[in-house]
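Reading through the structure tokens given below for one structure.
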Amino acid sequence: MHSVGTVTAFGRDLGDGYTLTLRDLTTIEPVLALVHANRDRLRAAEPWAWGPQTLDGATLHTERLLGQFAMDRALPCVIRADDRIVGAASLSFDPYLGQASLGYWVDAGLEGRGVVRRAATVLVEVARARGTARLEIRTAVDNTRSRGLAERLGFTHEGTLRSGMPLGPNRVDVAVYGRVL
Ligand SMILES: CC(C)(COP(=O)(O)OP(=O)(O)OC[C@H]1O[C@@H](n2cnc3c(N)ncnc32)[C@H](O)[C@@H]1OP(=O)(O)O)[C@@H](O)C(=O)NCCC(=O)NCCS
């Protein structure tokens, strides 16, 4: 951690050249390029991926996330392999409920190497250190990889939200995973 003005930035070493660092204005274009490169697989999992994914939209989204970070409501991060951005992993905090949600995605070329598991493990520890009582991961029921990762991280499948989120023209059931810290 180091200070940038009044805001404390975030960064962790994940080993083997991988790092987890705060998103900032310099990550907007590389993240957008990675979203475009992974558009079809992201659309199979993430409602936001169905949006137009323009530079203006990505800039507004990142500014909003950084505003939430500054208010201690979010920890939006990118995963890097050396200097190249290869994915994202983030926490979103609900201070009133004392809980947070965890989200993640990674470039197809780096899938299955344990990198997201390492990033998510760091974020679980950050949430615990902040006194967060409970973490959630929500994922489409047929997202086998995400569900496997949630279970690998020690989360429990607590239930299923019928028709819980849109994926383009369809709505899909959502598996809710929880971990009490
Ligand atoms: C979901 C996603 C992030 C998983 O990434 P990944 O690279 O497979 O994750 P990792 O390799 O870091 O970790 C997966 C862990 O879960 C374990 N696992 C358990 N069951 C698994 C399964 N059915 N499939 C894959 N991994 C499984 C793996 O063994 C691994 O643990 P390990 O590191 O100890 O071996 C990736 O597939 C992705 O980006 N998908 C598209 C976007 C998406 O679905 N995002 C999540 C929306 S909720």
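Suppose we keep only residues that are part of a loop (DSSP other than H, G, I, E, B) and under 20 Å from Tyr96 (Cβ atoms) within the range 130-181. Which one would you say is least open to solvent (accessible area, probe 1.4 Å)? Across the range 130-181, the extreme among qualifying residues is Thr132. Would you confirm whether or not the range 126-148 contains a residue that is at positive phi and more than 8 Å from the ligand (Cβ to nearest atom)? Scanning the range 126-148 turns up at least one residue that is at positive phi and more than 8 Å from the ligand (Cβ to nearest atom). Looking at the range 16-96, none of the strands (runs of 3 or more DSSP E) lying wholly inside it contains 3 or more residues that are within 12 Å of the ligand (Cβ to nearest atom) and surrounded by fewer than 14 Cβ atoms within 10 Å (Cβ to Cβ).
Of the numbered criteria (1) touching a helix residue (DSSP H, G or I) at 6+ places or on another chain (Cβ under 9 Å); (2) within 7 Å of the ligand (Cβ to nearest atom); (3) part of a loop (DSSP other than H, G, I, E, B); (4) not hydrophobic (A, V, I, L, M, F, W, C), the one Arg113 fails is (1).
Residue-by-condition table, conditions (1) within 27 Å of Gly168 (Cβ to Cβ); (2) without any contact (Cβ under 8 Å) to a residue 12 or more places away in the chain:
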site: Ala37; (1), (2): yes, no
site: Thr59; (1), (2): yes, no
site: Val78; (1), (2): yes, no
site: Ala81; (1), (2): no, no
site: Ser92; (1), (2): yes, no
site: Pro95; (1), (2): no, no
site: Tyr104; (1), (2): yes, no
site: Ala108; (1), (2): yes, no
site: Glu125; (1), (2): no, yes
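The values are calculated or read from the model by the stated rules, or taken from the named source; none is laboratory data. Nothing here was measured: the structure is a model prediction, and the numbers come from that model. As a convention, Cβ positions derive from the backbone with ideal geometry for all residues, glycine included, and neighbour counts pool all protein chains shown. Ligands, DNA and RNA are excluded from the accessible area calculation, which covers all protein heavy atoms including side chains. Shrake-Rupley method; radii C 1.70, N 1.55, O 1.52, S 1.80 Å.
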